[in-house]
Amino acid sequence: MPDWHPATVTDSAPAADGLTDLVLDVRGTPLAGSHERPGQYVHLRLPGVGQGLFAIASPPGRPGTQWEFLLKVGSPLPDALIHLPRGAHVDVSRPEGRGFPLERARGQDVLLFATGSGISAIRSVITSIQQERGAYGQVTLYFGARTPGAFAYADELHEWEAGGMRVVRTVSQPGASGWQGLTGYVQAHLGEGPVRAAVAFLCGQKEMVRGVMTTLQARGMPAGDIHLNY
């Protein structure tokens, strides 16, 4: 059973179509500073509603008192969490999961893959890299969303690009939106040719994860250089 600690809601705001950003303050609890690796996740619980697993979208490190989460609306717990007022309490567990071994990417190019709300765990990687940008090679984010309005952290995407990161967006259901960018699934846009001196971090739908892993290995990337956060 998780070891529960009370956290305080400090902010909640729409992040994209069907996604909401929730910020919890864990100051004064044993949770402060316990987030050690990007990609780790916690249990969130509301009495009478239930509990669930959510990746921490903010970077690890001390003091680490503000934790961000990206919630997908449409089920009881996320819907209840996003309607909590500021100052409300949420039960939070200690971070779990092995997270992403960012130290293995030092001195190499970094390939990041995310779909939907899976960008939350990858955002933690990106913000960690930004804190020590010179330690890594070229960073490329492959980001898939169902519709053009479903890309979370849209403003940050532009900031990441301005900082030298390559961002490849693809939409699986563009409809009549007028979307002029790439369409289809993330794994269809990896290009061709061998992949050398790179490390990959993936989070998102199982089909994307399987497809990307298969493609990268077929292009010569060792399985040991492809990492999930659990």
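The values are calculated or read from the model by the stated rules, or taken from the named source; none is laboratory data. This one's a predicted model, so the numbers in the text were calculated from it and none came from an experiment. No Cβ is skipped: glycine too gets one built from the backbone with ideal geometry, and neighbour counts run over all protein chains shown. Quick note on the areas: whole protein, heavy atoms, side chains included, nothing else; ligands and nucleic acids left out. Shrake-Rupley method; radii C 1.70, N 1.55, O 1.52, S 1.80 Å.
Points worth noting:
- Entry remark, segment 180-223: residues being surrounded by 13 or more Cβ atoms within 10 Å (Cβ to Cβ), in a loop (DSSP other than H, G, I, E, B), in contact (Cβ under 8 Å) with a residue 40 or more places away in the chain and not hydroxyl-bearing (Ser, Thr, Tyr) number 4 in total.
- Identity of the residue in segment 49-65, over 26 Å from Leu202 (Cβ atoms) and modelled with pLDDT of 95 or more, that ends up surrounded by the most Cβ atoms within 10 Å (Cβ to Cβ): Val49
- Residue in segment 113-136 that is modelled with pLDDT under 95, among the basic types (Lys, Arg) and out of contact with any Leu (no Cβ under 6 Å at 6 or more places or on another chain) present: yes
- Qualifying residue in segment 66-79 (condition: within 22 Å of Met208 (Cα to Cα), open to solvent by 20 Å² or more (accessible area, probe 1.4 Å), in contact with a Pro (Cβ under 9 Å, 6 or more places away or on another chain) and basic (Lys, Arg)): yes
- Failed item in (1) hydroxyl-bearing (Ser, Thr, Tyr); (2) touching a Pro at 6+ places or on another chain (Cβ under 6 Å); (3) open to solvent by 20 Å² or more (accessible area, probe 1.4 Å), with Tyr41 passing the rest: (2)
- Flag if Met221 is of a type outside the set (Phe, Trp, Tyr) and closer than 16 Å to Gly144 by Cα: no
- Any hit, segment 1-20, residues being within 21 Å of Tyr230 (Cβ to Cβ), of a type in the set (S, T, N, Q) and under 20 Å from the mean Cα position of the chain (by Cα): no
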